[in-house]
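*Asks:* Once you've had a glance at the structure underneath, I'll fire off some questions.
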Amino acid sequence: MDLNFTSDELAFRDEVRSFIEANIPAETRHKVLEGLEVSRDDTIRWQQILHRRGWGGPNWPKEFGGTGWDAVRQYIFEEESAAAGTPRLLPFGLKMVGPVIMRFGNAAQQKRFLPRILSGEDWWAQGYSEPGAGSDLASLKTRAERKDGHYVVNGQKTWITLAQHANWIFCLVRTDPAVKKQAGISFLLIDMKSPGVTVRPITLLDGSQEVNEVWFEDVQVPVGNLVGDENGGWTYAKFLLGHERTNIAGVGVSKRELARLKRIASEERKDGKPLMADPGFAAQVAQVEVELMALEITNLRVLAAEAERRAPGPEASLLKIKGTEIQQSISELMMHAAGPRALPSRRGATGDVPSFGPAYAAPLAATYLNLRKTSIYGGSNEIQKNIIAQTILGL
Amino acid sequence: MRFSPTPEQQQLGDMVQRFFAEQYRFEARRKILDSREGWSKEIWSKLAELGLLSLQVPEQQGGIAPAVVETLLTATATGMAMLLEPWVSSAIIATVLIRELGSAQQREEMLAPMAAGERIAVPAHFERAARYDLRHVATSARRHGSAWQVTGRKSVVLHAPAADLLLVSARTSDPADQTAGISLFAVPREGPGVALSRYRTLDGMYAADVDLVDAPGTLIGAEGTAFAAIATAFDQGLAVRCAEAVGALQATLDATVEYTKTRQQFGVPIASFQALQHRMADMLIHVEQARSMSYLAAMRAAESSGRDRRRALAAAKVVVGNACRFVGQQAVQLHGGMGVTDEIAVSHLFRRLTALEMALGDTAHHLEQFVAASAEAEGT
């Protein structure tokens, strides 16, 4: 048993660190570190920079153009990226539809779609949830009927993150309404430019338009865009959810945000002294920090177990719950650290407001509000507890 | 980075677990608990035969120190079994004290019989006014020619009634609350000037307050320089307590899962209710977070020194302490009326977890320690 990285891993970390240092655009980094909105171009530019270095698919095997890094190297890469303030790589292509196409797609689909994910040419969206199918995803109603070499898709998807930027969407659709609900679902790849696709943004509680409704009205999708078997989609969806959860602990980002929290609490004054020196506040910060230390090791334990068993196990649910609780706690403490200065919010529902306090204070309330989503998305934390109860505890 | 033990380490871990599963079941343990001594010499000899008393003994004296993983696995197994014998006091803390401070001759004379199970030594360090502060020593020692005499009162000395030797910390110079000027003395428990007020702690262990009046003692190591070794030994003890707690936590969660699957109400097992399932999922998260920190504590206690070690161990004890409290309380709750009886394991586990939460510093204490160590680390 050894919790330290090997010398090879440390050399790899240094290589990643210096590459990021030399190549991250200063403006992008500033936005990430200060909690400001990152644009579509910021994200794509960073994907392209990594792609040119051969690092466009940090979690992909070499045969599909990925780096072939093992779980520890992927983890180090994510840690370093988070610490340095790079934009988050888009999970929808790299961590969701990509692995599904590699595992269940045909050769033509692999050749057509995978390189365009690495190069940043395609921006994918995830079409899972519907107004009537959230935690109970299998009850989804969007229909796909096969007619003359096409599927004709009708229905409505919702909570589609950044669909306004996407040119492709992968969807779970119902292809057989007569059977048990899980058995009649297929996995379809849909071009967002197809006639009949409408995107309607949803304004969120922080004033952002991060998610959308996507409507499908008689949308024609070539049968060649079906992944795997017709009515086999539920299996692929579960495979994907497992992959989505592995990195959801967000340890690297939380470490960076914790450091920001400490900076803010050192700037803020209470009774003429730094807020960070206040025993009550310091104890609250410490409580989150020790939880994060534990989560980091729990995360490494899950990675190590995964390296032996391949697919992520139900332990991923634990990482999701604890990781999101920590992210939320840090954002909450940051807002409270700024105190009344957190009230003049930069990204209010009525548009931008000028800053009335230190620059760091303006986005804090919006971030706090925004991060409430984390315990809801990706399988709500209550669903994760069901998974733990059933799969790990055997209840 | 590697989390799995080597095959040899795993073998030892399995052997220890098997030993307790066979010889330390609830009823067998209960007999020991209800006995006059509250611990078993027979079990103690067997622990010696299995080599579990020499994990922290240096090679020169026939041990296998530092044995980080072996100690971790053994501690977790003792936690599952709720071991009553003075393993942590004698085979860990006292052994590390002698190993770190003693002269070559003292190590030879004291450690070999301890490892063989023939002699038990326990630390007598904390005092009433110290709470959990290691630096607070008011007990004093004076030299009379070449002999030393110790005077003072040591508080809640765990396993003192079982000990042959008490390892007593005492000031030989400087005022209280300084780390300098503290020395360590080996004082025979049955020697002159030593009086024990014996009692049981909340989890059934024997402990005592120890009054020392001009009690003759042997100085261990050099005069006035014991504090660093005391800190090392108690940090090692803290790491072991964390691993022990993880064993007790796992046993508590297992017992609760088992009970709720068996107990029927409204015509179904109560484990089928979501409120209970989510509670047990929360318990599992606490157990796994605590397990992670027990690994960190074990590694850092052996590897690093000073501030980093302090910071990691304080963090570990906070996470483990929170887990002890949550898992223990919820286990009793989910066992319903049975949970508050003395008859089944869960109430014993709950009492053990409560004692472990307070052992060597409670959560509030270590949160403070963590803040202080972090501030120091960030200030430099």
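The values are calculated or read from the model by the stated rules, or taken from the named source; none is laboratory data. Computed from a prediction, not measured in an experiment: that's the story for all the values here. Heads up, the Cβs are rebuilt from the backbone with ideal geometry, glycines too, and the neighbour counts pull from every protein chain shown.
*Asks:* For region A:307-316, does any single residue satisfy the condition of being farther than 30 Å from A:P274 by Cα and at the interface with another protein chain (Cβ under 8 Å from one of its Cβ atoms)?
*Replies:* Yes, region A:307-316 has at least one match.
*Asks:* Right, next: Which condition does B:S305 not pass, out of (1) farther than 25 Å from B:S90 by Cβ; (2) more than 9 Å from chain A (Cβ to nearest Cβ); (3) not basic (K, R), if it passes all the others?
*Replies:* (1) is the only condition that B:S305 fails.
*Asks:* Kindly provide the set of residues from region B:256-297 that are facing chain A (nearest Cβ under 10 Å) and aromatic (F, W, Y), ordered by number.
*Replies:* Answer for region B:256-297, where residues must be facing chain A (nearest Cβ under 10 Å) and aromatic (F, W, Y): B:F273, B:Y295.
*Asks:* Now, a different point. Kindly provide the set of residues from region A:179-238 that are at pLDDT below 95 and on the phi > 0 side of the Ramachandran plot, ordered by number.
*Replies:* A:G207
*Asks:* Of the residues B:A141, B:A124, only one is out of contact with any Ser or Thr (no Cβ under 7 Å at 6 or more places or on another chain), in contact (Cβ under 8 Å) with a residue 12 or more places away in the chain and under 17 Å from B:P216 (Cβ atoms); which?
*Replies:* B:A124 is the lone residue from the list that is out of contact with any Ser or Thr (no Cβ under 7 Å at 6 or more places or on another chain), in contact (Cβ under 8 Å) with a residue 12 or more places away in the chain and under 17 Å from B:P216 (Cβ atoms).
*Asks:* Is it true that some residue in region B:371-380 is modelled with pLDDT of 95 or more, within 12 Å of chain A (Cβ to nearest Cβ) and touching a helix residue (DSSP H, G or I) at 6+ places or on another chain (Cβ under 8 Å)?
*Replies:* yes
*Asks:* Now a separate question. Hey, which of the helices (runs of 4 or more DSSP H) in region A:227-327, taking only ones fully inside, have at least 3 residues that are under 21 Å from the mean Cα position of the chain (by Cα) and more than 28 Å from A:Y360 (Cα to Cα)?
*Replies:* A:233-246, A:279-309
*Asks:* Mind listing whichever residues of region A:260-317 are at pLDDT below 90 and aliphatic (A, V, I, L, M)?
*Replies:* Within region A:260-317, A:L300, A:V302, A:L303, A:A304, A:A305, A:A307, A:A311, A:A316 meet the criteria.
*Asks:* Let me ask something additional. Can you tell me which residue within region B:349-367, out of those that are within 14 Å of chain A (Cβ to nearest Cβ), in contact (Cβ under 8 Å) with a residue 24 or more places away in the chain and in a helix (DSSP H, G or I), is surrounded by the most Cβ atoms within 10 Å (Cβ to Cβ)?
*Replies:* Once the filter is applied, the top-ranked residue is B:H366.
*Asks:* Follow-up. Between a first residue in region A:273-297 that is more than 10 Å from every other protein chain (Cβ to nearest Cβ) and a second residue that is of a type in the set (S, T, Y), which pairs have beta carbons less than 8 Å apart while being 6 or more apart in sequence or on different chains?
*Replies:* Cβ pairs passing all conditions: A:P274/A:S266; A:L275/A:S266; A:V288/A:S329.
*Asks:* Can you tell me which condition A:V97 does not meet? The list is (1) in contact (Cβ under 8 Å) with a residue 12 or more places away in the chain; (2) closer than 27 Å to A:A259 by Cα; (3) under 19 Å from the mean Cα position of the chain (by Cα), and all the others hold.
*Replies:* (2)
*Asks:* Of these, A:R103, A:R146, A:R88, which one is in contact (Cβ under 8 Å) with a residue 40 or more places away in the chain, in a helix (DSSP H, G or I) and surrounded by fewer than 18 Cβ atoms within 10 Å (Cβ to Cβ)?
*Replies:* Of A:R103, A:R146, A:R88, the one residue that is in contact (Cβ under 8 Å) with a residue 40 or more places away in the chain, in a helix (DSSP H, G or I) and surrounded by fewer than 18 Cβ atoms within 10 Å (Cβ to Cβ) is A:R103.
*Asks:* Only one of these is modelled with pLDDT under 95, over 19 Å from A:E291 (Cβ atoms) and of a type outside the set (S, T, N, Q): B:A302, B:A248, B:A275. Name it. Don't jump to the end; show me each part of the working.
*Replies:* Values: B:A248 fails: modelled with pLDDT under 95; B:A275 fails: modelled with pLDDT under 95.
Testing whether each residue is modelled with pLDDT under 95, over 19 Å from A:E291 (Cβ atoms) and of a type outside the set (S, T, N, Q) leaves just B:A302.
*Asks:* Somewhere in region B:283-305, is a residue surrounded by fewer than 16 Cβ atoms within 10 Å (Cβ to Cβ) and of a type outside the set (D, E)? Let's see the steps before the verdict.
*Replies:* Narrowing region B:283-305 to residues surrounded by fewer than 16 Cβ atoms within 10 Å (Cβ to Cβ): B:303-305.
Now restrict to residues that are of a type outside the set (D, E): B:304-305.
Yes, some residue in region B:283-305 is surrounded by fewer than 16 Cβ atoms within 10 Å (Cβ to Cβ) and of a type outside the set (D, E).
*Asks:* Would you say B:G328 is more than 20 Å from the chain's Cα centre (by Cα), touching a residue at least 12 places away in the same chain (Cβ under 8 Å) and away from chain A (no Cβ under 11 Å)?
*Replies:* Working: more than 20 Å from the chain's Cα centre (by Cα): no; touching a residue at least 12 places away in the same chain (Cβ under 8 Å): yes; away from chain A (no Cβ under 11 Å): yes.
Answer is no for this residue.
*Asks:* Return the residue satisfying two criteria in turn: it lies in region A:370-395 and is in contact (Cβ under 8 Å) with a residue 12 or more places away in the chain and within 10 Å of another protein chain (Cβ to nearest Cβ), and of such residues it is nearest to A:G35 (Cα to Cα).
*Replies:* In this case the residue turns out to be A:N381.
*Asks:* Still on this structure: Of (1) at pLDDT 95 or above; (2) in contact with a Gly (Cβ under 8 Å, 6 or more places away or on another chain); (3) in a loop (DSSP other than H, G, I, E, B), A:I160 satisfies all except one. Which?
*Replies:* For A:I160, the failing item is (3).
*Asks:* Going by the structure shown, is B:E303 free of Cβ contacts under 8 Å to residues at least 60 places away in the same chain and not small (G, A, S)?
*Replies:* Yes.
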